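Engineer: My questions all concern the structure below.
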Amino acid sequence: MPCPRINMLTISAALTLFAATLTFAQEPTRQRLPQSPPHHRPNELGWNLAPEDQKYAAIDGNHLMEFVKDQTAMSRHYRDNGHPQYWGRITGTDADAENAEWMMKKLKAIGLEDVHEQMFDLQPQWVPQAWKAVVSLNGKSIPLTSAQPAFLSKGTNGTVDMEAVYVGMASEAEIKPGPDVKGKAVFFYSNDTGSRHVGISDNAIKRLSDRGAAAIFVILGVPLDEKTQFYPVNAPVPAFSLGTKEGLAVRDMIGGAAKVGTENAPVHLQLNLDVKMRPGLKSGTVWGTLKGTTDENVVVVAHRDGWFEGANDNGTGVATFLGLAEYFAKVPKSQRKRTIIFAGTDGHHDNGAESGVWFLDHPEFFAKTALLFNSEHTGLKDTGLGLSAYSNAPSTYRWYAGDSPALLKVAIHALDAFGVPTFPDSLPTPSGETTRYYFLAPSVQIINTGYVWHSDKENDESISIPGMAAVTRAYAKIIADTDNIPLAGLRTKK
Ligand SMILES: [Zn+2]
């Protein structure tokens, strides 16, 4: 992310010069505009709590940020320990084990009971060992350093060489009259900037696969030249995402070759992707319990895994989860109605989502559950359309609150109490970790994402500390404000 201060100085200097030119006759010694002093508050969120909500100020964003930083450091530790290309808090790896230990230590220190890890055997895990992609024309080459294979991408058998073609946005209108893609490396541009999914650009990857492409590269239209990790895209050939700068350089190299009509010297791609499927790995759900005074419970889920530094996905969700544990551990037990059960799951970036499958297989677990929170992506900053700097606002949150009008009312009240910027209506279903089983209990989720989601730019700097605090406070208020609503009242369908 370029430094916003530099941009501001450049703009400021240009404006000063412009103003000086206009007014030269009157004010030849006009001074440069001063640099903006820092704002008094980092953000407008949560600074003016209503008297009845003052108690939630105990949930402190800067403190929560320490939990985020602990997790991003684990990712960097894993990267620097021999995994320079495919890294993060990846399920089944040393980073996963370190993360589970860290979470158990935190939950015990907070004072939770029955802290333990429920282990699962993982199916063989996709582990890309190394990859290299270079395009070249007439001795000039572009190493594709931002290329990142989509999860579960097929590998190559050693280094392969193929012609590279560009098909615009890979619509039918462009592919049909366009270059033959069979046996070639196909590059396409996508402005589907929020997608990390198989369906990107109206199923462009399927269209290209069906026509026999030998390798597929999505040039993701986010001008940060980030490395972006996609979910599985179901291509039968190697499939990669690519940063805009390098992707457009490939396009222009192909365009240049086509212009001079050098049919005998097309642009070539040399590609090597070494993939192994590793059997015998393990992961688990980390549990902790904060006892209440009834046999009813509230369940808080946060997935522990994440690609790259994963500051928002799911560093902030885990921070919110621990923040809730700390807040309610300080409430006297006699005032805690429902037991709160915390579950740090193995996550869903491994295509197995073992913790989630366990929940789905055990609906009886939720028999007395009043609320099920998905604590996920609670604090990414907004970049706006400029993408050149983060603003001081969090990216707008999507939210879900089911099943009853009573819960909906409480949730809206909590969102508004802390100024959480949101879309007006609840989503039809929550997204992410609890998608598989949210319907087994009255579920709540407040989540945001943005351009840097699943990328190597999703770092500490990308986090809105007040946004993360506001969502955590909203979750705490929803727990407290539903205490006196009976289970049946929360489960009454809308
Ligand atoms: Zn997530």
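The values are calculated or read from the model by the stated rules, or taken from the named source; none is laboratory data. Quick caveat: nothing in here was measured; it's all calculated off a predicted structure. As a convention, Cβ positions derive from the backbone with ideal geometry for all residues, glycine included, and neighbour counts pool all protein chains shown.
Engineer: Yes or no: Asn157 under 23 Å from the mean Cα position of the chain (by Cα) and surrounded by fewer than 21 Cβ atoms within 10 Å (Cβ to Cβ)? Even if it seems obvious, please write down each step before you answer.
Structural biologist: Values: under 23 Å from the mean Cα position of the chain (by Cα): no; surrounded by fewer than 21 Cβ atoms within 10 Å (Cβ to Cβ): yes.
The answer is no for Asn157.
Engineer: Which condition breaks for Ala393 when tested against (1) out of contact with any Asp or Glu (no Cβ under 6 Å at 6 or more places or on another chain); (2) under 22 Å from His39 (Cβ atoms); (3) away from the ligand (no atom under 16 Å from the Cβ)?
Structural biologist: Unmet condition: (1).
Engineer: Quick one: would you say Thr72 is β-branched (Val, Ile, Thr), over 26 Å from Ala469 (Cβ atoms) and surrounded by 15 or more Cβ atoms within 10 Å (Cβ to Cβ)?
Structural biologist: Working: β-branched (Val, Ile, Thr): yes; over 26 Å from Ala469 (Cβ atoms): no; surrounded by 15 or more Cβ atoms within 10 Å (Cβ to Cβ): yes.
No, not satisfied.
Engineer: Restricting attention to segment 407-447, and to residues there that are at pLDDT below 95 and small (Gly, Ala, Ser), which single residue is farthest from the ligand (Cβ to nearest atom)?
Structural biologist: It comes out as Ala417.
Engineer: Right, next: Looking for something under 20 Å from Asp456 (Cβ atoms), buried (at least 20 other Cβ atoms within 10 Å of the Cβ) and either under 23 Å from the mean Cα position of the chain (by Cα) or within 14 Å of the ligand (Cβ to nearest atom) (or both) - is there at least one such residue anywhere in segment 285-292? Walk me through how you get there before you give the answer.
Structural biologist: Applying the first criterion (under 20 Å from Asp456 (Cβ atoms)) to segment 285-292 yields none.
Within segment 285-292, not a single residue is under 20 Å from Asp456 (Cβ atoms), buried (at least 20 other Cβ atoms within 10 Å of the Cβ) and either under 23 Å from the mean Cα position of the chain (by Cα) or within 14 Å of the ligand (Cβ to nearest atom) (or both).
Engineer: Of all residues in segment 479-494, count the ones that are hydrophobic (A, V, I, L, M, F, W, C) and surrounded by 24 or more Cβ atoms within 10 Å (Cβ to Cβ). Don't jump to the end; show me each part of the working.
Structural biologist: To start, the set of residues in segment 479-494 that are hydrophobic (A, V, I, L, M, F, W, C) comprises 479-480, 485, 487-488, 490.
Those still in the list that are surrounded by 24 or more Cβ atoms within 10 Å (Cβ to Cβ) too: 479.
Residues that pass the stated criteria total 1.
Engineer: I've got another one for you. Identify all residues within segment 132-144 that are over 16 Å from Pro238 (Cα atoms) and in contact with a Lys or Arg (Cβ under 9 Å, 6 or more places away or on another chain); write none if there are none.
Structural biologist: Selection gives Pro143 alone.
Engineer: Quick check: is even one residue across segment 107-129 over 30 Å from Val301 (Cα atoms), touching a Leu at 6+ places or on another chain (Cβ under 7 Å) and crowded, with 16+ Cβ neighbours inside 10 Å? Walk me through how you get there before you give the answer.
Structural biologist: Kept after step one, since they are over 30 Å from Val301 (Cα atoms), are these residues of segment 107-129: 129.
With the extra rule that they be touching a Leu at 6+ places or on another chain (Cβ under 7 Å), the set shrinks to none.
No.
Engineer: Within segment 302-326, work out how many residues are in a loop (DSSP other than H, G, I, E, B) and under 14 Å from Ser462 (Cβ atoms).
Structural biologist: Here is the first cut: in segment 302-326, the ones in a loop (DSSP other than H, G, I, E, B) are 304-305, 308-310.
Still in the running and under 14 Å from Ser462 (Cβ atoms): 308-310.
So the answer is 3.
Engineer: Restricting to segment 208-226, count the residues that are of a type outside the set (D, E, K, R), part of a loop (DSSP other than H, G, I, E, B) and modelled with pLDDT of 95 or more.
Structural biologist: Residues of segment 208-226 that are of a type outside the set (D, E, K, R), as a first pass: 208-209, 212-224.
Next, from what is left, pick out any that are part of a loop (DSSP other than H, G, I, E, B): 212-214, 221-224.
Narrowing the set further to residues that are modelled with pLDDT of 95 or more leaves 212-214.
Number satisfying all stated conditions: 3.
Engineer: Then there's this: Given the conditions (1) surrounded by fewer than 18 Cβ atoms within 10 Å (Cβ to Cβ); (2) more than 24 Å from the chain's Cα centre (by Cα), which single one is not true for Glu101?
Structural biologist: It is condition (2) that Glu101 fails.
Engineer: Another question about this same structure. List the residue pairs whose Cβ atoms are under 9 Å apart, where the first residue sits in segment 463-487 and is within 16 Å of Thr294 (Cα to Cα), the second is part of a helix (DSSP H, G or I) and among the charged types (D, E, K, R), and the two are 6 or more positions apart or on different chains.
Structural biologist: Ala480/Lys55
Engineer: Suppose we filter Gly402, Gly467 for residues that are surrounded by 22 or more Cβ atoms within 10 Å (Cβ to Cβ) and within 16 Å of the ligand (Cβ to nearest atom); which single one remains?
Structural biologist: Values: Gly402 fails: within 16 Å of the ligand (Cβ to nearest atom).
Criteria check complete, one pass: Gly467.
Engineer: Are there any pairs with C-beta distances below 6 angstrom linking a residue in segment 311-324 that is among the charged types (D, E, K, R) to a residue that is within 12 Å of the ligand (Cβ to nearest atom) and not in a helix (DSSP H, G or I), with the two at least 6 apart or on different chains, and if so which?
Structural biologist: Hits for this filter: Asp313/Gly306; Asp313/His377.
Engineer: Can you find, within segment 337-351, the residue that is nearest to the ligand (Cβ to nearest atom) among those that are among the charged types (D, E, K, R) and closer than 25 Å to Thr294 by Cα?
Structural biologist: Taking segment 337-351 and keeping what is among the charged types (D, E, K, R), we get 337-338, 346, 350.
Remaining after also requiring closer than 25 Å to Thr294 by Cα: 337-338.
On the way: Lys337: 30, Arg338: 26 Å.
Across segment 337-351, the extreme among qualifying residues is Arg338.
Engineer: Please determine whether any residue of segment 99-107 is over 29 Å from Thr449 (Cα atoms) and of a type in the set (S, T, N, Q). Write out each step before concluding.
Structural biologist: Narrowing segment 99-107 to residues over 29 Å from Thr449 (Cα atoms): none.
No: segment 99-107 contains no residue that is over 29 Å from Thr449 (Cα atoms) and of a type in the set (S, T, N, Q).
Engineer: Also: With respect to Asp425, determine if the residue is closer than 18 Å to Asp313 by Cβ and of a type in the set (D, E, K, R).
Structural biologist: Values: closer than 18 Å to Asp313 by Cβ: no; of a type in the set (D, E, K, R): yes.
No.
Engineer: Go through segment 45-159 and tell me which strands (runs of 3 or more DSSP E), entirely inside it, have 2 or more residues that are in contact with a Ser or Thr (Cβ under 6 Å, 6 or more places away or on another chain), touching a residue at least 60 places away in the same chain (Cβ under 8 Å) and within 26 Å of Ser355 (Cβ to Cβ). Talk me through it step by step, then tell me what you get.
Structural biologist: On the way: elements: 113-121, 125-137, 140-143.
Output list reads 113-121.
Engineer: How many of the residues making up segment 353-390 are within 30 Å of Tyr451 (Cα to Cα), among the polar types (S, T, N, Q) and either assigned to a loop (DSSP other than H, G, I, E, B) or away from the ligand (no atom under 16 Å from the Cβ) (or both)? Don't jump to the end; show me each part of the working.
Structural biologist: Within segment 353-390, the subset within 30 Å of Tyr451 (Cα to Cα) is 353-357, 372-390.
Of the ones still in play, those that are also among the polar types (S, T, N, Q) are 355, 374-375, 378, 383, 388.
Imposing the further condition that a residue be either assigned to a loop (DSSP other than H, G, I, E, B) or away from the ligand (no atom under 16 Å from the Cβ) (or both) reduces the set to 375, 378, 383, 388.
Final tally of qualifying residues: 4.
Engineer: On the given criteria, is Val300 of a type in the set (A, V, I, L, M), under 26 Å from Pro466 (Cα atoms) and away from the ligand (no atom under 16 Å from the Cβ)? Even if it seems obvious, please write down each step before you answer.
Structural biologist: Details: of a type in the set (A, V, I, L, M): yes; under 26 Å from Pro466 (Cα atoms): yes; away from the ligand (no atom under 16 Å from the Cβ): no.
Criteria not met by Val300.
Engineer: Right, something else. Find the residue count for segment 316-336, including only residues that are within 16 Å of the ligand (Cβ to nearest atom) and among the small types (Gly, Ala, Ser).
Structural biologist: Residues that pass the stated criteria total 2.
Engineer: Is there a residue in segment 334-352 that is assigned to a helix (DSSP H, G or I) and closer than 21 Å to Met103 by Cα?
Structural biologist: Step one: filter segment 334-352 for residues assigned to a helix (DSSP H, G or I), giving 334-335.
From the residues that got through so far, the ones that are closer than 21 Å to Met103 by Cα too are none.
Among the residues of segment 334-352, not one is assigned to a helix (DSSP H, G or I) and closer than 21 Å to Met103 by Cα, which makes the answer no.
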